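This report refers to the structure that appears directly beneath it.
Each value in this text was obtained by applying a stated rule to the coordinates, not by laboratory testing. In this text the structure is predicted, and so the values were computed from the model without any measurement. Reconstructed Cβ throughout: ideal geometry from the backbone, glycine too, with neighbour counts over all protein chains shown.
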Amino acid sequence: MMIQTIKTTPYSDQKPGTSGLRKRVTVFKQPHYIENFLQAIFDSLDGIAGQTLVIGGDGRYYNDVVIQTAIRMAAANGFGKVMVGQNGLLSTPAASHVIRHYKAFGGLVLSASHNPGGPDGDFGIKYNIGKGGPAPEAITEAVYERSKVIERYKTLDAPDVALHQIGTQMSGDMVVEVIDPVTDYAALMETLFDFEAIAKLFASGFTMTFDAMNAITGPYAHAILEERLGAPKGTVKDGTPLPDFGKGHPDPNLVYCKDMFDLLMTPEGPDFGAASDGDGDRNLIIGKNRFVTPSDSLALLAANAHLAPGYRGGIVGIARSMPTSAAADRVAEKLGIEMHETPTGWKFFGNLLDAGRVTICGEESAGTGSDHVREKDGLWAVLLWLNIIAVRQQSVDQIVREHWASYGRNYYTRHDYEEVDATIASTLVDDLRAQLSGLVGQNFSEDLQVAYADDFKYHDPVDGSTSAKQGIRIGFTDGSRIVLRLSGTGTVGATLRLYLERYEAADGRHDLDTQVALGPLIALSERLAGIKQRTGRDEPSVIT
Ligand code: G6P
Ligand code: ZN
C-alpha cells in the first residue's frame, strides 16, 4: 500500500479552543479540512514512529468518516499501531484510560462534547497526550501555527478498516486493534468503587434513572449499572448512541434534562437521577427533591470520597476552575489539603494530577473527576455518588443539607448569553476590564464591598507557565463573587458567561431560591457590565 503525499492549502481558523477544534460539521466537510488539522497535529509531535495512537469518539455524525481518515493518516505518518473502540466508540474518559492503560503515545478524541450532532450539528477533534489528558497549550499552539502554513499531508492508499470487528487488522504496515469500548473502563471503575455495596443498594429497592441522552454513555451505563450492579433494566434511558443524538442536545443540564428534573421532584419519582453528555465526561446529579449544583457536587464528593475504596486513604488536594464556586475550598480547608484555582478547561488540571498534588477536580460546567484518568468523568461521578449513598444510607437531600450545615452554602448560578455578536461581547469584556482597578474598595450596598477585582491570571505551580486573561473576577468582602468570561467552546458568535456566587454561613439560611438569593449580585453585574443593555437581550439564553 502506497503512502501518498497530497498537496493542500492552509485554513486560518484551526485554532483549538477550550477543548480541541470544535466547528460545525459543514466546516469540517470543506476539502482537506480534517486532513490539514490531523497533519498539523502529527507534525507537532516528536517521535511518533512505531508508537501507538488511540482513536475513539462519541459516535456522532461524521465520526466514522473521520476515524477512517485518521487511521490512514496515522499509518502514513509512521504510527506503529492504532487502538480504536469498536464502531469508533470511546467515551472521553474511557479514551483517557485506554491511552494510559496501554501506554499509548497519545489519542484522538472525536467529539463536540455536549453540542448537538448531525449534518447540521457540530463536530470536534481533540488531541490527548500520553498521560491521558488534553494536550497542553504549548502543543495546541504549535498545532495552530502549523495549520496556518501546512502545504501537504500524508495518507495511505488503503481500504477502510472494519470498525465493527473486534481484534487485529492491518492498515498498510500499521496494526489496527479494535477494542471493546467498555471493558477496560468498567474494570477501572470496579477498582475504585464498592460495587458490592452499590449492588446491595439497588437490591434493597433504591431506584434510579440514568439518561444517556442517545450518546456515548449508553453502552457504559447499561454494562455497569444494569449488568454489573443489578439496577433493573430500563434504569438507563436513551442508551444507544445515535449519530444525531436523536435530534437532542446532549448537555445534561436542567434545560435539556427538564423531564428528569420534574420526575425527581415528584413523590412517585426515583430516588436518584443522573445524566451524562455527548462524550461522557459531564454529569448531572439530581436526588429526590434536590438538584445538586456541579460546584456543590465537587465539594460533596471531595468531602465524602474516603467512603469509596479507591480514595480510602484520603485525598491529597482539590482543584477547581476559577468560575466554579468556592464550596470545595471549604472542604480543602477543613481537610488541611491543597486547593488550586485554575482557568476553565480540564487541561489545566493535568499537571496538578500528574504531580500528585490533587486527587479530585471539578468545574461548574458539570465536570468532575479524579486522578484515575486525565479527563472529567460523568459515570465516575455517578458511581461515587452511589457509593456514598450506599455507605451513608441517606438520601441525596439529607447528604447535601448536612454538608451545608457544617460548611455553609455557596449559592451559585451561571447566566449564559449565547450567540452574541462577537464584537459586542469582546468590547463589553474590555470595558469591564478597564473599570476593574477603580472598583476595589467600593461599597455597593451594606454587604457588597469589593475586596478585589482582576482578570484572572494562572501561574501553573508545576511547570511555571502563565495563562493570562482567563476571566474577570470581582470579589466581595463577604465571599461573594461576580465572574464574567467569554466561553471558549461556542461555535457561533460569542457566548458570555456570567457566574454569581454568595456564601451563606453554616448557621445561615440554606433554603432560599437561588436566583432570589443572588438577586442583588445579578442586578449589580448588569450595572457594571450592561450585558442586557448592550446585547439587547431581555434574559440569559440558559441559566444553570
Ligand atoms: C468543556 C471543557 C470544560 C469547560 C467547559 C466550558 O466541557 O472540557 O473544561 O469547563 O467546556 O468551557 P467554556 O469555555 O465554554 O466556558
Ligand atoms: Zn463532554
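Measure nothing fancy, just the Cα-based angle from helix 137-147's long axis to the longest principal axis of the chain, in degrees from 0 to 90, nearest 10.
In the chain, helix 137-147 runs at an angle near 50 degrees to the longest axis.
Once the Cβ-Cβ distance between residue 338 and residue 506 is put in as r, and R0 is 25 Å, what FRET efficiency do you end up with, to the nearest 0.05?
0.65
Please report, largest first and rounded to whole Å, the three semi-axes of the ellipsoid equivalent to the stretch 185-407, where each semi-axis is the square root of five times an eigenvalue of the C-alpha gyration tensor. Before the final figure, lay out each step's value.
Working: eigenvalues 127, 74, 59 Å².
Equivalent ellipsoid of the stretch 185-407: 25, 19, 17 Å, largest first.
Under a 5 Å amide H to amide H cut-off, with H placed in plane at 1.01 Å, what residues pair with residue 282 once short-range neighbours are removed?
Result for residue 282 returns 277, 378.
Once both axes come from the Cα atoms, what is the angle between helix 294-304 and the longest principal axis of the chain, in degrees from 0 to 90, rounded to 10?
90
Run the simple label-point estimate for residue 442 and residue 15 please: 7 Å along Cα→C-beta, distance reported in nm.
3.0
Does anyone have the angle between helix 33-43 and the longest principal axis of the chain? Alpha-carbon axes, 0 to 90°, nearest 10?
Rounded to the nearest ten degrees, it is 90.
Rounded if a/c is under 1.5, else prolate if a/b beats b/c, else oblate: with a ≥ b ≥ c from the C-alpha gyration tensor eigenvalues square-rooted, which is the stretch 1-78?
Judged from the Cα gyration tensor, the stretch 1-78 comes out rounded (a/c under 1.5).
Which shape class applies to the stretch 50-115: rounded if a/c is under 1.5, otherwise prolate when a/b exceeds b/c and oblate if not, where a ≥ b ≥ c are the square roots of the Cα gyration tensor eigenvalues?
Cα axes put the stretch 50-115 in the oblate bin.
What percent of all Cα-Cα pairs in the stretch 127-257 falls into each 5 Å bin, going from 0 up to the bin containing the maximum distance?
Going out from 0 Å in 5 Å bins, the stretch 127-257 shows 2, 8, 11, 12, 14, 16, 15, 10, 6, 4, 2, 1, 0 percent.
Can you give me the Kirkwood hydrodynamic radius for the chain, using every pair of distinct Cα atoms, in Å to one decimal? It would help to have the intermediate numbers written out before the result.
Details: mean 1/r = 0.0420 Å⁻¹.
One decimal place: 23.8 Å for the Kirkwood radius.
Note down the nm distance, to one decimal, between modelled labels 7 Å out along Cα→Cβ at residue 532 and at residue 255.
Placing both labels 7 Å along Cα→Cβ, they lie 1.8 nm apart.
Please report the equivalent ellipsoid semi-axes of the stretch 3-179, computed as sqrt(5 x eigenvalue) of the Cα gyration tensor, largest first, in whole Å. Don't skip to the answer; put the middle values down first.
Numbers: eigenvalues 86, 67, 55 Å².
Calculated on Cα positions only, the semi-axes equal 21, 18, 17 Å.
Antiparallel DSSP bridges in the chain: what percent, to the nearest 5? Don't skip to the answer; put the middle values down first.
Details: 65 of 95 bridges.
Taking every DSSP beta bridge within the chain, about 70 percent pair in antiparallel fashion.
Under 5 Å between amide H atoms, partner at least 5 residues away or on a different chain: which partners does residue 4 have, H built in plane at 1.01 Å?
It is 155, 156, 157, by chain and number.
Once a ≥ b ≥ c are taken as the square roots of the eigenvalues of the Cα gyration tensor of the stretch 360-519, is the result rounded (a/c under 1.5), prolate (a/b larger than b/c) or oblate (a/b not larger than b/c)? Walk me through the numbers before you get to the answer.
On the way: a/c = 1.85, a/b = 1.31, b/c = 1.42.
Verdict is oblate for the stretch 360-519.
Considering amide H positions built from the backbone, and no H for Pro or chain starts, which residues 5 or more places from residue 89, or on another chain, come under 5 Å of its amide H?
57
For the residue pair residue 184 and residue 69, what label-to-label distance in nm results when each label sits 7 Å from Cα along the Cα-to-beta-carbon direction?
Each label point is offset 7 Å from its Cα along the Cβ direction, giving 2.5 nm.
Mind ranking 354-362, 381-389, 510-518, 400-408 by how tightly packed they are, going by the mean number of other C-beta atoms within 10 angstrom, highest first? Please report the intermediate quantities before stating the final value.
Values: 354-362: 21.4, 381-389: 25.6, 510-518: 14.3, 400-408: 17.7.
Peptide ranking by packing, descending: 381-389, 354-362, 400-408, 510-518.
Taking every DSSP beta bridge with both residues inside the stretch 290-370, roughly what % is antiparallel (nearest 5)?
Details: 4 of 12 bridges.
So the antiparallel bridges in the stretch 290-370 amount to around 35 percent.
Can you tell me, using C-alpha contacts under 8 Å and at least 6 residues apart, the relative contact order of the chain as a whole percent?
On the way: 1262 pairs, mean separation 71.1, N = 544.
Computed value for the chain: 13 percent relative contact order.
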